[in-house]
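Working notes for the structure below.
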Amino acid sequence: MTERKTVCCYLGLGSNMGDPRANLEKAIELLNDTEGIEVTAVAPFYRTAPVGYTEQDYFINTVAEINTSLSPLQLLEKMQQIENKLGRVRVIRWGPRTVDLDLLLYGDEKIAGPDLEVPHPRMHQRAFVMVPLADLNPQLVIQGEQAADLARRLAGEQEIIRV
């Protein structure tokens, strides 16, 4: 059996319950310990205001670059298993969470399914995604614009502080 080719992916990570920094560090450790996933880089952590549902604590966010031999849906399943292991409960849309893992980019693939949309449909609107993503890959093109330019603009419009 031939080994599946690896794909470079970017994952968004966020937490605003318990010890958010420790939650993110544990999620990164669990990702890296998952067969078929290698964490190759992690952006700095940022403190960000909540989006959508605003009656909650600020978040700590980052982006991880990984190489994976998993399919997009297999990767999503592993990410959801890690969220569940770390106590993620889905009650309020965009509500408080111990950890949130989002598949932002899966190589150059475009996926539009009922359970997964890649590239992530709102990433280009969110400083908490674009700023750490630009830390890892400033030349990456998202919606026809370089990540660094998107990050600069969004950081001027939304509250985001490196921690």
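The values are calculated or read from the model by the stated rules, or taken from the named source; none is laboratory data. No experiment lies behind these values; they were computed from the predicted model shown. Neighbour counts run over all protein chains shown; Cβ positions are idealised from the backbone, glycine included.
May I ask you to list pairs of residues, at least six apart or on different chains, whose Cβ atoms are under 6 Å apart, with the first in the stretch 25-48 being touching a residue at least 12 places away in the same chain (Cβ under 8 Å) and under 15 Å from Thr62 (Cα atoms) and the second being aromatic (Phe, Trp, Tyr) and not in a helix (DSSP H, G or I)?
Partner pairs satisfying both residue conditions: Arg47/Tyr58; Thr48/Phe59.
Yes/no matrix, rows are residues, columns are (1) surrounded by fewer than 18 Cβ atoms within 10 Å (Cβ to Cβ); (2) at pLDDT 95 or above; (3) polar (S, T, N, Q); (4) under 25 Å from Asn23 (Cβ atoms):
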{"site": "Asn67", "(1), (2), (3), (4)": "yes, yes, yes, yes"}
{"site": "Arg90", "(1), (2), (3), (4)": "yes, no, no, yes"}
{"site": "Arg97", "(1), (2), (3), (4)": "no, no, no, yes"}
{"site": "Met123", "(1), (2), (3), (4)": "no, yes, no, yes"}
{"site": "Ala151", "(1), (2), (3), (4)": "no, yes, no, yes"}
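Which count do you get for residues in the stretch 138-155 that are over 18 Å from Ile60 (Cα atoms) and assigned to a helix (DSSP H, G or I)? First the steps, then the outcome.
To start, the set of residues in the stretch 138-155 that are over 18 Å from Ile60 (Cα atoms) comprises 138-150, 152-153.
Still in the running and assigned to a helix (DSSP H, G or I): 147-150, 152-153.
Total satisfying the criteria: 6.
Quickly run through the stretch 103-137 and pick out the residues that are in a loop (DSSP other than H, G, I, E, B) and of a type in the set (A, V, I, L, M, F, W, C). Show your work before the answer.
From the stretch 103-137, those in a loop (DSSP other than H, G, I, E, B) are 107-110, 113-116, 119-122, 126, 137; that's our starting set.
The answer is Leu116, and nothing else.
What number of residues within the stretch 49-69 satisfy the criterion of being touching a residue at least 60 places away in the same chain (Cβ under 8 Å) and not hydroxyl-bearing (Ser, Thr, Tyr)?
8
Sort through Leu133, Leu101, Leu86, Leu105 and tell me the only one that's touching an Asp or Glu at 6+ places or on another chain (Cβ under 6 Å) and surrounded by 17 or more Cβ atoms within 10 Å (Cβ to Cβ).
Values: Leu133 fails: touching an Asp or Glu at 6+ places or on another chain (Cβ under 6 Å); Leu86 fails: touching an Asp or Glu at 6+ places or on another chain (Cβ under 6 Å); Leu105 fails: touching an Asp or Glu at 6+ places or on another chain (Cβ under 6 Å).
Just a single option satisfies the conditions, and that option is Leu101.
Name the single residue that is farthest from Arg47 (Cα to Cα) among those in the stretch 141-163 being in contact (Cβ under 8 Å) with a residue 60 or more places away in the chain and of a type in the set (D, E, K, R). Spell out how you get there, then give the answer.
Here is the first cut: in the stretch 141-163, the ones in contact (Cβ under 8 Å) with a residue 60 or more places away in the chain are 158-163.
Now drop any that are not of a type in the set (D, E, K, R), which leaves 159, 162.
Values: Glu159: 8, Arg162: 6 Å.
So, considering only residues that are in contact (Cβ under 8 Å) with a residue 60 or more places away in the chain and of a type in the set (D, E, K, R), the one farthest from Arg47 (Cα to Cα) is Glu159.
Filtering the stretch 106-163 down to residues that are polar (S, T, N, Q) and touching a Phe, Trp or Tyr at 6+ places or on another chain (Cβ under 8 Å), which residue is nearest to Gly14 (Cα to Cα)? Spell out how you get there, then give the answer.
Applying the first criterion (polar (S, T, N, Q)) to the stretch 106-163 yields 125, 137, 139, 143, 146, 158.
So of that shortlist, the ones also touching a Phe, Trp or Tyr at 6+ places or on another chain (Cβ under 8 Å) come out as 137, 158.
Working: Asn137: 19, Gln158: 16 Å.
Across the stretch 106-163, the extreme among qualifying residues is Gln158.
In the stretch 25-57, which residues are outside any loop (DSSP other than H, G, I, E, B) and among the polar types (S, T, N, Q)?
Pass one, the stretch 25-57, residues outside any loop (DSSP other than H, G, I, E, B): 25-32, 37-42, 46-48.
Of everything in the stretch 25-57, those that are outside any loop (DSSP other than H, G, I, E, B) and among the polar types (S, T, N, Q) turn out to be Asn32, Thr40, Thr48.
In the stretch 1-24, which residues are on the phi < 0 side of the Ramachandran plot, outside any strand (DSSP E or B) and in contact (Cβ under 8 Å) with a residue 24 or more places away in the chain?
Scanning the stretch 1-24 gives Glu3, Arg4, Lys5, Thr6, Asn16, Met17, Pro20, Arg21, Asn23, Leu24.
Would you call Tyr10 hydroxyl-bearing (Ser, Thr, Tyr) and touching a strand residue (DSSP E or B) at 6+ places or on another chain (Cβ under 9 Å)? Show your work before the answer.
Working: hydroxyl-bearing (Ser, Thr, Tyr): yes; touching a strand residue (DSSP E or B) at 6+ places or on another chain (Cβ under 9 Å): yes.
Taking the combined requirement at face value, the residue satisfies it.
How many residues are within 15 Å of the chain's Cα centre (by Cα) and either of a type in the set (Val, Ile, Thr) or surrounded by fewer than 16 Cβ atoms within 10 Å (Cβ to Cβ) (or both) if we restrict to the stretch 52-65? Break it down stepwise before answering.
We begin by selecting, within the stretch 52-65, every residue within 15 Å of the chain's Cα centre (by Cα); these are 59-65.
Next, only the ones that are either of a type in the set (Val, Ile, Thr) or surrounded by fewer than 16 Cβ atoms within 10 Å (Cβ to Cβ) (or both) stay: 60, 62-63.
Matching residues across the stretch 52-65 total 3.
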